[in-house]
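Q: Let me give you the structure first, and then I'll get to my questions.
The values are calculated or read from the model by the stated rules, or taken from the named source; none is laboratory data. Just so we're clear, the structure is a prediction, and the values are computed from it rather than from any experiment. Cβ: placed from backbone, ideal geometry, glycine included. Neighbour counts: every protein chain shown.
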Amino acid sequence: MPRIDSGRPQRSASRRPLSVRGPARKPRARFGNHRVRIVVSRFLLVAALVAAGIKLINVQVFQAEAYSQRAMQQKATLQKFPAERGSIVDRNGGQLAFSVETRELYASPNTMRKEQAAATKDNPKFDTFEQRTQRIASYIHQVLGDQAPEQEMLDKLRSEVSYVSLKKNVDPNKARQIRKEFPQIGAAYRAERVYPNGELAANIIGAANWRTDVDPEGIHGLLGLEHFKDDLLAGQNGERRVDTALGNDDWVIPGSERDLVEAVPGSDLELTIDTYLQFQVQRMISDYVAKSGARNGSAVVLDARTGEVYALATDKTFNPADFGGASPEQRNNIAVTTPFEPGSVAKVITAAAGIEYGVVRPDTVLQVPGQFPIADRVVKDAWTHGTVDMTFTGVLGKSSNVGTLMVAQQVGADRFMDMVGKFGLGKRTEVGLPGESAGVVPPRDQWSGSTFGNLPIGQGMSMTLLQMAGMYQAIANDGVRVPPRIVRATIGPDGVRHEEPRPEGVRVVSPETATTVRDMMRAVAQRSPGQTGSGPDAALPGYQISGKTGTGQQVDPTCNCYSETNNNITFAGILPADNPRFVVGIMLDAPHNAPYSSTAAPLFHDIASYLAQRYQIPLSKEQSPVQILTP
Amino acid sequence: MSAPARWNGPYLPNQTSSTSTRKGTGTRRTGTGGRSAGTSAGRTGGGRGAAHTPARTSTPARTGTATRTRTRSSGERPVRTTADRGRSTSTGRSSAANRAYARRDQRAARTGGAARQRTGVVSKARFVVVVMGLLVVGLVATLWLSTQSVADSLRLQETREHNSELSEQVERLRSEVGRMESPTELAKLAERLGLVPPPDPARLQVAPDGSVTEYGTPTPATAPQPSAPPADQQQQQQQQQSGGG
């Protein structure tokens with residue numbers, strides 16, 4: 001069946017020997033070529049493999065470290081995310097300090113000089129270094145305006161250094177614009193601390209700026225709360241490792257992120273300060289210091305119930321944005337750092353002890369002589385008088401030293417010192433501000449004979465303004481002293497508000513004693529015929545005012561004795577006395593201009609008047625009854 | 001298409017190799033006619049050749065043709081012989097008739113086989129096309145996805161930049177609000193508008209019986225010192241504008 005099989009090539013080739021074989025040989029000839037090809041290509045492949053193997057071993061074993069190091073250098077980039085510093089806000093959420101992202105423009109003049117020289121060599125059409133820097137300087141000036149004078153930029157660009165900082169605190173948007181035009185200008189991440197209120201409350205907040213000498217680099221506080229609470233405010237920087245392309249650190253290869261540590265922003269600090277009150281108090285104290293010719297002055301407003309500091313102002317303050325130019329006096333927050341001898345304001349200790357221990361009552365009549373001899377000294381009153389009859393209220397109201405010492409002697413030194421301790425003198429209030437002083441109270445075993453003739457009238461011991469106001473806060477708060485606080489809450493990075501724990505109150509005197517002393521001290525601000533107190537200017541019509549004037553003699557360093565001319569003029573008062581809301585403490589250092597040099601009562605009046613308006617304090621139900629000073 | 005034409009030569013003994021393709025197609029037509037009429041082996045041979053030709057011409061790969069023929073021949077041979085024997089013994093036809101029948105059967109089987117082969121070729125071609133299609137689709141998809149990914153990462157970068165620009169703007173505005181809100185600034189602005197801090201106010205207390213008691217003496221606010229002429233104010237404003245810009 002040859003015909004049937006003819007359609008099948010291989011079978012037919014075996015069965016039909018003729019014409020089929022000829023053409024079938026042709027491929028075989030090719031197969032022969034192929035074999036040669038195979039041998040050749042096999043040799044080539046093996047040779048290539050061996051070559052590759054040698055290269056592989058060379059690269060992987062002998063040069064491995066060098067290459068991987070170079071690769072790492074080329075692509076692995078550690079990127080840092082700066083943590084945003086927490087802001088500082090006042091009790092109403094008003095901004096006191098916050099951070100804004102900025103850029104610092106820099107250049108590498110030496111590198112630029114080389115680059116431009118090379119470029120002009122290749123193509124003379126390119127800018128020379130001089131032309132280039134000129135263009136850059138004028139463009140920077142055009143974008144940034146007056147804050148970057150063209151000549152200054154030009155001088156910096158042409159300086160012979162390898163790195164020069166051109167401009168700090170540049171708006172990132174403008175920095176981007178400049179970099180787009182001139183990629184040779186670098187822009188480093190920076191943050192600027194902004195104090196929208198300027199000098200206001202700078203004595204409390206302090207100042208912070210971008211620090212390169214601190215690790216990690218970033219905004220760090222140098223003064224005030226910014227320094228004191230730096231750990232809390234700063235947060236923690238984050239970082240990640242990425243691979244970048246072509247040596248450009250900005251070109252991140254997608255998906256190459258690793259070792260990611262998220263940045264943790266700093267906590268916000270909420271203060272007890274009321275910015276508006278702080279502004280007014282600061283303005284008033286500055287005015288009064290200027291009027292009275294005092295060396296300096298400070299004032300504090302405390303919440304009568306909670307001890308929160310509503311305002312803490314000194315006459316001298318500084319601009320936190322330029323604190324480098326501030327003098328040490330300006331930076332010093334004297335209200336907490338500098339203790340002073342308060343004078344008669346401290347008579348409240350004797351008054352509280354006398355009432356508490358039942359030694360005297362407000363209407364107890366004392367026969368007050370013109371002078372009081374104690375040890376080697378003789379204490380007199382501020383005005384000359386013979387022996388007069390005075391109620392204890394009168395002793396306080398007229399601020400009689402002799403009368404006070406008479407009561408103090410009856411109280412006794414130990415009970416007096418006990419009361420001094422309860423009022424928080426001689427130890428820090430822990431208000432939450434740096435550099436706080438504890439003041440000086442001579443310990444009982446170091447007393448000289450005349451010490452007990454000094455302490456009850458506010459001499460021979462020192463206290464800060466905050467301690468002084470704290471004593472009156474105890475009287476205002478029915479005998480419980482709550483140590484003052486200036487940080488109200490911290491707001492964590494998660495947005496959760498953590499109230500600062502309220503300090504535990506210290507029971508100083510009984511509520512009855514506190515009320516009695518408060519009522520007695522209304523005599524100070526009253527003005528009635530024959531019953532005028534020592535600080536009638538402090539009175540605020542419509543409100544009962546309770547307070548105490550003070551004049552503390554300063555120590556003259558030349559003779560190491562009490563000066564006859566330089567006094568600390570103080571005032572501490574409670575508004576309103578019948579339902580205390582605020583305690584105000586004022587201190588003026590050595591005022592000289594009459595009539596303001598003798599008393600701080602008018603300043604108290606101004607502050608109290610503003611407080612009454614701002615916090616809409618209801619008028620006292622009844623006006624202060626006339627306090628009987630002399631029987 | 002010279003290669004398949006050359007290849008046809010050895011398998012078509014009754015025809016010259018040069019005309020095989022043309023003739024083959026021609027005889028297929030006649031072959032179909034011949035099949036129904038039961039014509040000679042010469043024609044059927046031609047038909048057979050024709051039946052192979054399109055299959056061979058349609059597949060350029062030599063090895064493909066070879067395997068195809070091999071499988072076909074191994075499958076067909078036993079069919080043919082049993083048919084031959086069975087028919088010759090049971091019906092008692094002449095051997096020529098038997099052969100004719102056998103040829104018919106074979107033809108039928110072959111045409112069926114050719115159809116099978118054709119479908120095999122088609123399915124393989126389809127498979128190849130499908131694979132190529134998949135490759136192309138895959139390539140296109142890869143290209144598209146990588147383009148998309150690059151575009152996305154670009155967009156992401158742009159969006160990030162935009163985002164940071166916006167947050168910068170927020171910061172800028174916030175600092176501006178902070179500055180304008182500050183009492184220091186407000187006091188300055190108020191002063192510029194001619195406002196003055198009020199002196200001591202008087203306070204009124206309304207008793208339950210409706211009587212009003214006045215505390216304090218109200219005093220009129222004193223006008224700001226005339227030492228600040230408008231020119232100075234203008235200057236200040238200009239300074240402020242340039243500074244605030």
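Q: Considering only residues of the stretch A:612-626 that are within 13 Å of chain B (Cβ to nearest Cβ) and among the hydrophobic types (A, V, I, L, M, F, W, C), which is farthest from the chain's Cα centre (by Cα)? Can you show your working first?
A: Quick first cut of the stretch A:612-626, residues within 13 Å of chain B (Cβ to nearest Cβ) only: A:612-614, A:616-624.
If we keep only those that are among the hydrophobic types (A, V, I, L, M, F, W, C) too, we end up with A:612, A:617, A:619.
Numbers: A:Ala612: 29, A:Ile617: 31, A:Leu619: 37 Å.
By that ranking, first place goes to A:Leu619.
Q: If you don't mind, another one. Starting from residues that are surrounded by fewer than 22 Cβ atoms within 10 Å (Cβ to Cβ) and at positive phi, keep the ones in the stretch A:166-218 and report whichever is farthest from the chain's Cα centre (by Cα).
A: Per the stated criteria, the residue is A:Asn169.
So that you can scan it fast, the table gives a plain yes or no per residue for (1) assigned by TED's automatic domain parsing to the domain that holds A:Ser256; (2) within 30 Å of A:Glu160 (Cβ to Cβ); (3) touching a strand residue (DSSP E or B) at 6+ places or on another chain (Cβ under 7 Å):
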{"site": "A:Pro82", "(1), (2), (3)": "yes, no, yes"}
{"site": "A:Gly86", "(1), (2), (3)": "yes, no, yes"}
{"site": "A:Gly94", "(1), (2), (3)": "yes, no, no"}
{"site": "A:Ala97", "(1), (2), (3)": "yes, no, yes"}
{"site": "A:Glu104", "(1), (2), (3)": "yes, yes, yes"}
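Q: If you don't mind, there's one more thing I want to ask. Out of the stretch A:285-318, which residues are among the aliphatic types (A, V, I, L, M) and crowded, with 22+ Cβ neighbours inside 10 Å?
A: If we filter the stretch A:285-318 for residues that are among the aliphatic types (A, V, I, L, M), which is where we start, we get A:285, A:289-290, A:294, A:299-302, A:304, A:309, A:311-313.
A:Ile285, A:Val289, A:Ala294, A:Ala299, A:Val300, A:Val301, A:Leu302, A:Ala304, A:Val309, A:Ala311, A:Leu312, A:Ala313, listed by residue number.
Q: Is there any pair with a first residue in the stretch A:130-152 that is at pLDDT 90 or above and a second that is outside any helix (DSSP H, G or I) whose Cβ atoms are under 6 Å apart and which are 6 or more apart or on different chains, and what are they?
A: Final answer for the pair search is A:Ile136/A:Phe182; A:Ile140/A:Ala148; A:His141/A:Ala148.
Every residue, every condition in (1) modelled with pLDDT under 85; (2) surrounded by 11 or more Cβ atoms within 10 Å (Cβ to Cβ), yes or no:
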{"site": "A:Pro2", "(1), (2)": "yes, no"}
{"site": "A:Arg11", "(1), (2)": "yes, yes"}
{"site": "A:Leu18", "(1), (2)": "yes, no"}
{"site": "A:Arg21", "(1), (2)": "yes, yes"}
{"site": "A:Arg25", "(1), (2)": "yes, no"}
{"site": "A:His34", "(1), (2)": "yes, yes"}
{"site": "A:Val39", "(1), (2)": "no, no"}
{"site": "A:Arg42", "(1), (2)": "no, no"}
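Q: So B:Gly194 passes all but one of these: (1) in a helix (DSSP H, G or I); (2) surrounded by fewer than 11 Cβ atoms within 10 Å (Cβ to Cβ). Which condition number does it fail?
A: The number of the failed condition is (1).
Q: Identify the residue in the stretch A:242-269 that is at pLDDT 85 or above and charged (D, E, K, R) and, among all such residues, is surrounded by the fewest Cβ atoms within 10 Å (Cβ to Cβ).
A: If we take residues in the stretch A:242-269 being at pLDDT 85 or above and charged (D, E, K, R), then A:Glu262 is surrounded by the fewest Cβ atoms within 10 Å (Cβ to Cβ).
Q: Do we have any residue at all in the stretch A:50-72 that's surrounded by 18 or more Cβ atoms within 10 Å (Cβ to Cβ) and either in the same structural domain as A:Glu239 (by TED's automatic domain parsing) or charged (D, E, K, R) (or both)?
A: Quick first cut of the stretch A:50-72, residues surrounded by 18 or more Cβ atoms within 10 Å (Cβ to Cβ) only: none.
No: zero hits.
Q: Hey, does the stretch B:189-205 have a residue that's more than 11 Å from chain A (Cβ to nearest Cβ) and of a type in the set (S, T, N, Q)? So that I can check it myself, show each step before the final result.
A: Pass one, the stretch B:189-205, residues more than 11 Å from chain A (Cβ to nearest Cβ): B:189-196.
Okay, now just the ones that are also of a type in the set (S, T, N, Q), so none.
No, because not a single residue in the stretch B:189-205 is more than 11 Å from chain A (Cβ to nearest Cβ) and of a type in the set (S, T, N, Q).
Q: Do you know which of the residues in the stretch A:177-201 that are in contact (Cβ under 8 Å) with a residue 12 or more places away in the chain and assigned to a helix (DSSP H, G or I) is farthest from the other protein chains (Cβ to nearest Cβ)? Give the derivation first.
A: Kept after step one, since they are in contact (Cβ under 8 Å) with a residue 12 or more places away in the chain, are these residues of the stretch A:177-201: A:177-178, A:181-182, A:184-201.
So of that shortlist, the ones also assigned to a helix (DSSP H, G or I) come out as A:177-178, A:181.
Working: A:Gln177: 11, A:Ile178: 15, A:Glu181: 17 Å.
Out of the qualifying residues, it is A:Glu181.
Q: Test each condition in (1) exposed (fewer than 14 other Cβ atoms within 10 Å of the Cβ); (2) of a type in the set (A, V, I, L, M); (3) without any contact (Cβ under 8 Å) to a residue 12 or more places away in the chain for B:Ala221 and report the one that comes out false.
A: In the conditions (1) exposed (fewer than 14 other Cβ atoms within 10 Å of the Cβ); (2) of a type in the set (A, V, I, L, M); (3) without any contact (Cβ under 8 Å) to a residue 12 or more places away in the chain, B:Ala221 misses (3) alone.
Q: Keeping to the stretch A:341-390, report how many residues are touching an Asp or Glu at 6+ places or on another chain (Cβ under 9 Å), under 19 Å from A:Gly547 (Cβ atoms) and surrounded by fewer than 24 Cβ atoms within 10 Å (Cβ to Cβ).
A: 1
Q: Filter the stretch B:157-185 down to the residues that are more than 9 Å from every other protein chain (Cβ to nearest Cβ) and either aliphatic (A, V, I, L, M) or in contact with a Lys or Arg (Cβ under 9 Å, 6 or more places away or on another chain) (or both) and list them by number.
A: Within the stretch B:157-185, B:Leu166, B:Val170, B:Leu173 qualify.
Q: Here is a further query. Read through the list (1) more than 30 Å from A:Gly235 (Cβ to Cβ); (2) touching a residue at least 12 places away in the same chain (Cβ under 8 Å), then give the number of the only condition that A:Arg497 fails.
A: Exception for A:Arg497: condition (1).
Q: Could you tell me whether the stretch A:598-611 includes any residue that is of a type outside the set (Ser, Thr, Tyr) and free of Cβ contacts under 8 Å to residues at least 40 places away in the same chain? Spell out the reasoning first.
A: So in the stretch A:598-611, the residues of a type outside the set (Ser, Thr, Tyr) come out as A:600-608, A:611.
Still in the list and also free of Cβ contacts under 8 Å to residues at least 40 places away in the same chain: none.
There is no residue in the stretch A:598-611 that is of a type outside the set (Ser, Thr, Tyr) and free of Cβ contacts under 8 Å to residues at least 40 places away in the same chain.
Q: Could you run through the stretch A:98-135 and say how many residues are touching an Asp or Glu at 6+ places or on another chain (Cβ under 7 Å) and not in a helix (DSSP H, G or I)?
A: The qualifying residues number 4.
Q: Among the candidates B:Ala96, B:Ala141, B:Ala108, which residue alone is at pLDDT 90 or above and in a helix (DSSP H, G or I)? Quick ask: steps written out before the conclusion?
A: Details: B:Ala96 fails: at pLDDT 90 or above; B:Ala108 fails: at pLDDT 90 or above.
Residue meeting the stated conditions: B:Ala141.
Q: What's the number of the condition A:Asn568 fails, among (1) surrounded by 18 or more Cβ atoms within 10 Å (Cβ to Cβ); (2) of a type in the set (S, T, N, Q); (3) closer than 26 Å to A:Thr516 by Cα?
A: Unmet condition: (3).
Q: Sort out which residues of the stretch A:219-242 are under 8 Å from the mean Cα position of the chain (by Cα) and touching a residue at least 24 places away in the same chain (Cβ under 8 Å), and write them in order of number.
A: Initially, the stretch A:219-242 is screened for residues under 8 Å from the mean Cα position of the chain (by Cα), giving A:221, A:223-230.
Scanning the stretch A:219-242 gives A:Leu223, A:Gly224, A:Leu225, A:Glu226, A:His227, A:Phe228, A:Lys229.
Q: In this structure, does A:Ala346 turn out to be in contact with a Pro (Cβ under 8 Å, 6 or more places away or on another chain) and small (Gly, Ala, Ser)? Reasoning before the result, please.
A: Numbers: in contact with a Pro (Cβ under 8 Å, 6 or more places away or on another chain): yes; small (Gly, Ala, Ser): yes.
For A:Ala346, the condition - in contact with a Pro (Cβ under 8 Å, 6 or more places away or on another chain) and small (Gly, Ala, Ser) - is met.
Q: Starting from the stretch A:68-84, keep only residues that are more than 30 Å from A:Ala234 (Cβ to Cβ), then list their pairs with residues that are of a type in the set (Asp, Glu) whose Cβ atoms are within a distance under 7 Å, requiring at least 6 positions of separation or different chains.
A: Short answer, once both residue conditions are applied: A:Lys75/A:Asp243.
Q: Test B:Ser227 against the criterion of being surrounded by 13 or more Cβ atoms within 10 Å (Cβ to Cβ) and modelled with pLDDT under 85, and give yes or no. Spell out how you get there, then give the answer.
A: Numbers: surrounded by 13 or more Cβ atoms within 10 Å (Cβ to Cβ): no; modelled with pLDDT under 85: yes.
In short, no.
Q: Follow-up question, since we're still on this one. Determine whether A:Lys156 is under 27 Å from A:Phe318 (Cα atoms), at pLDDT below 90 and away from chain B (no Cβ under 13 Å). Spell out the reasoning first.
A: On the way: under 27 Å from A:Phe318 (Cα atoms): no; at pLDDT below 90: yes; away from chain B (no Cβ under 13 Å): yes.
Here the answer is no, as A:Lys156 does not meet what is asked.
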